[in-house]
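The values are calculated or read from the model by the stated rules, or taken from the named source; none is laboratory data. Note that the structure is a prediction, hence the values are computed from the model and not measured. Cβ atoms come from the backbone with ideal geometry, glycine included; neighbour counts cover every protein chain shown. Keep in mind that these areas ignore ligands, DNA and RNA; they rest on the heavy atoms of the full protein, side chains included. Shrake-Rupley method; radii C 1.70, N 1.55, O 1.52, S 1.80 Å.
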Amino acid sequence: MSQEGYDVVVVGGAAIGSAVAYFLTHDLAFSGSVAVIERDLTYAHAATTLSAASIRQQFSTPENIRMSAFGVAFFRELKSRFGPEADIGFRERGYLLLASETGEETLAANHEVQKAEGADIVLMDRAALADHFRWLKTSDLRLGAFGRSGEGWFDAHSLLALLRGAARRKGAHYIHGEVTGIVLERARVSGVTLADGRRIGCGALVNAPGPQAGDVAALADVGLPVEPRKRCVFVVACRTALPGMPLMVDPTGVWIRPEGEVYICGVSPPEENDARATDFEVDYALFEEVVWPMLAHRVPAMEALKLQRAWAGHYDYNTLDQNAVIGAHPEIGNLIFANGFSGHGLQQSPAAGRAVAELIVHGKFRSLDLSLFGYERVAAGRPVKELNVI
């Protein structure tokens, strides 16, 4: 290939794209060249760095559970993969998903799926919840699902730095630029054009730019129902100690977790107010009208909480089913998707990166079959039903 050509070009250099580059460059069967094109090398607006950086196995779809289980294993093996100094501050303190009467049956059914996958999740009735989490109001709860291990939170910047650094040391080229065109020749991607006029040839193209994935696909006249949706994270302080607080998800969808001496929390906006995101403005009304009242109800000590700051980030939201799109396009065989994670991309980035690398190098998924998330379901309008979308 010419100097401006690579065997694999990855569009998007945050967690998913860098995980693809990492696993490609560390596969002994791969001897090709890799370029990662990222429009913002500061990652100031990346979904990766603006996320709540958490990982769970409490899904209803076995493939989602398996992806996050590999993520946990990857986190536990950081030092063997990246060296003795590798650390992402993984706090394995669990998720606590709560259910009232209306959600009890679903939570219990999901737990059966999780148990079958070997996830360390325990169901707690109202009495067990009240005994274990003394600060929790349980009178209107029926059930809780608590991750005793294999769930928690971590530092997103540190994980990205490890993946990106290791990929670069193995020869991956990170290119600062924005893809504005995709060149197709005989139903194959032959290259991309950048906003500054450069053209970069490729043997395979990986679409992994997070919230911009749908826009990038459109450059190849491919329909992809992935767009940016805004999610706000609020940082609050509480004077009263809340011992053993995991990442808690209320039946209303309001979530909260510790972050050092403070807490971060949020909720997805109602569907009618959840349009394609065009800015990063914080919706403080969401906190005042939804988040704070529910926190004060569920954790009475939080009635006196203090809002310290907030930020907004974008999900790469799959409007079809809020699940990842992973795999090759059925007609443009060297166009490969790794996007649409809808809020669980960071935690699933190791599994997604490995899967895409296997597809490129070996022509198939080898470690974990993720064909359920293939583009074929998008083309057919056939959603994968995941009941635990937070």
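Based on Cα contacts under 8 Å between residues 6+ apart, the stretch 291-351 shows a relative contact order of 25 percent. Applying a DSSP loop filter and a limit of 14 other Cβ atoms within 10 Å to the trypsin sites (Lys or Arg not before Pro) in the stretch 211-251 leaves 239. Using the rule -39500 (n - 2.57) for each DSSP H run of four or more residues, divided by the residues of the chain, the 222 nm mean residue ellipticity is -7500 deg cm²/dmol. Here is the list for the stretch 93-196: GluC sites (Glu not before Pro) lying in DSSP coil, each with at most 14 other C-beta atoms within 10 angstrom of its C-beta, are 185.
Loop-located GluC sites (Glu not before Pro) in the stretch 26-78 (DSSP state other than H, G, I, E, B) with a sparse environment of at most 13 neighbouring Cβ atoms within 10 Å: 77.
Given in Å, the Rg to one decimal and the Dmax to the nearest whole number for the Cα atoms of the stretch 1-125 are 18.8, 63. Mean sequence separation of contacting Cα pairs (under 8 Å, at least six apart), scaled by the length of the chain, corresponds to a relative contact order of 23 percent. Highest mobility in the GNM of the chain, judged by mean-square fluctuation with C-alpha springs under 10 Å and restricted to 26, 314, 362, is found for 362. With viscosity 0.890 mPa s and temperature 25 °C, the Kirkwood radius over alpha carbon pairs of the stretch 255-326 converts through Stokes-Einstein to a diffusion coefficient of 173 µm²/s.
Counting protein heavy atoms only, the chain has 48 percent of its accessible area on carbon and sulfur, 1.4 angstrom probe.
Note on the stretch 68-154: the C-alpha convex hull projects to 6.5 nm² when averaged across all orientations. Largest first, the residues 192, 183 sort by 1.4 Å accessible area into 183, 192. Cα-based radius of gyration for the stretch 148-202, normalised by 2.2 N^0.38 Å, reads 1.70. Dividing the alpha-carbon radius of gyration of the stretch 74-221 by the rule-of-thumb value 2.2 N^0.38 Å gives 1.56.
Both radii were evaluated on the Cα set of the chain; the Rg over Rh quotient, with Rh as the Kirkwood radius, amounts to 0.98.
When every alpha-carbon pair in the stretch 149-297 is counted, what percent end up more than 26 Å apart? Tail of P(r) above 26 Å: 49 percent of Cα pairs.
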